[in-house]
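Derivation of every value follows stated rules applied to the coordinates shown; laboratory data play no part. Because the structure is a prediction, the values reported are computed rather than measured. FYI the Cβ positions are ideal-geometry reconstructions off the backbone, even for glycines, and counts take in every protein chain you see.
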Amino acid sequence: MKSAFEWAMGYWRQALVALLLLTAFVSLVRMPQLASMCAGIALFLMGMLQLDQSIKALSGGLLERGLQASTRSPLRSLLFGALSTALIQSSTLVTLISMSFVGAGLITLSAAIVVLFGANLGTTSGAWLMATLGLRVDMAVLSMPFLVTGFALSRVKWRQWQAIGGLLLGIALIFLGIHYLKLGFDGLDDAWQLQDWYRAGFLGILIFVGLGTLLTVIMQSSHASLLITLAAMSSGQIPYEAGLALAIGANVGTTLTAILGALSSNAMGKRFALAHVFFNVVTALVALLLILPLMQLVEWIAYLLRWDENEFLLRLALFHTLFNCLGILIFFPLVKPLANWLQRLWLQPVQAVESAAELVPAKAEFLISSALQTADTALQAVEQQYQALLHQSLAVIADGLHLTLDDSLQPEVLRLWLAQNWQQQSNMDQLYRQRIKPIQAQMIDFIWQATDLANEQQDKRLRILLAASRTLVESVKHAKHLQKNMVHAQQQDNPALKELYLGLRLMLNEVCWRLQRLQDQPDSISELIQFIDQHYQHQAKELWQSWQHALRQRLLDGHSGSSWLNDLNYSHDLLYSLQESLLYYAGTSLVAQPAPLVQLE
């Protein structure tokens, strides 16, 4: 129960928030120009969010598939980052998808860094659109057909049409946001002058770089910062040099998205976020140091294109493009050294099975929050996590039953190794609770969150993977039961009983070998499923005959014999669970159950 002090603190926090909101509301009512400007920013951000969600629903994984296909060469990665960001007008979405893919190991860190370079270049298209169209046309009038059509389509029952309606509504909100932001700035001439904050010389540039960074951090949108910059320049609120400084600051502030995404990412995702920060900050420093030569280059290009002397908005868009291109030219040859440096700087923790007493609860390395940006990235993360769980489960089974996953041993050497290495088993119950169960719990939570984003086909696959992980965990539970009787058997001086348990371990070892080197291909999975059937049928029958012989020759008593027979059934259940998990994973229908392994008469 909460103490009186905690109740009081909670009450005062709520009261303070309410007071701040009321003060802000009253201020906006009394200052209509400021209210118009803030409403424009709010509408613009709402439109970007709506656009982001609609593109995710419409793409059907197209963006994710394009990302995987683009990583075959650095140039393709660069073009994909630039074109995809220019088309969807969201470097944030491209950055987060890239982070989730590199975190899941689906693309290399080098490829993801090059995609990031392209995304930075692609985001400059927003400045060109706003400079050429957004502040020169009556955006309120232009937004009306988008608003009406989008609202009508969003009411229909078909999901694709709803997504198209959401896309049109997002565009309408962006247009309205631009309109009201421009109105707000136009009306601030007498009440507030941003130009008063500007100082001549490098100090003034630094002040506005900081302001641009702050604006982007607050709004988490470089597009919104650039819109404010262009609107302020259009209304004469800030000089040309201050606008350039704001654009540089917006590039630095946009790294916040990667930083926030990296907080819940794995080591590879953190490396990518650090690369994002490093690239944007260094590019901004270079732009600051070379701001005068860059301004001269802009003026030379403007002269060649015969722009009017007062076309500062187009000059800002060109400057934004030029300094991002400069950053790419500097970093492009350094991608691989940068990736290697980040690999050494941020080492991935080893997840190997060690002493049970030293273990801490495992964390799902691929189920990072940034993977929940789209259903496709979430599905890819779950696929990767299932494969990781498979290898972790095999490691726990091998450790608990003292098997070996080294498939280079010859049969006679393997038999000798297993016979000599089964005296000290790990605590499988502890290994299960610390290495397997936490991963399963995290997969359940993640999959149910992902189903909210998924279409019917993706939802079905997510549920199949959930079932596959459940049966995989069941195999570890069966190994736990098997280990208990093995520990008891090793304490008895009975060669026949030990030989029977050695036979069980040899049978299980062969399957674990093959699973360990299993390739993620349906054909190889199908072959392994058939092998498990045939292998168990053959080995179990031979062991059962040996068990009968030992009982007839009085080499086993009834108690030991019944215990071993139970463990033969546990081995059956263990292998059947692995088989069933593979069937789920391969997408094979389970209406027709797998062939029974062995029927003991």
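Here are the numbers for this structure:
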{"quantity": "Test item: Cα-centred dipole of the stretch 367-586, Lys/Arg +1 and Asp/Glu -1 on Cβ, debye", "calculated": "600 debye"}
{"quantity": "Convex hull per residue volume in Å³, alpha carbons only, for the stretch 464-564", "calculated": "102 Å³"}
{"quantity": "Unsatisfied cross-links (Cα-Cα over 27 Å) in the set Lys477/Lys541; Lys484/Lys541; Lys270/Lys460; Lys480/Lys541", "calculated": "Lys270/Lys460"}
{"quantity": "Sorted by Cβ neighbour density within 10 Å, fewest at the top, the residues Leu75, Leu290, Leu215", "calculated": "Leu75, Leu290, Leu215"}
{"quantity": "Environment charge of Ser560, counting only residues whose C-beta is closer than 15 Å and scoring Lys/Arg +1, Asp/Glu -1", "calculated": "0"}
{"quantity": "Sequence of Trp564, Trp158, Trp547, Trp341 once ranked by neighbouring C-beta atoms within 10 Å, starting from the fewest", "calculated": "Trp158, Trp341, Trp547, Trp564"}
{"quantity": "Debye log10 I(q)/I(0) at q = 0.09, 0.12 Å⁻¹ for the stretch 367-586, Cα point scatterers", "calculated": "-0.40, -0.67"}
{"quantity": "Cβ-based charge dipole, the stretch 465-574, positive-most Cα from Leu574, Trp544, Trp564", "calculated": "Trp564"}
{"quantity": "Mean Cβ neighbour count within 10 Å, used as a protection proxy, ranking 109-120, 445-456 highest first", "calculated": "109-120, 445-456"}
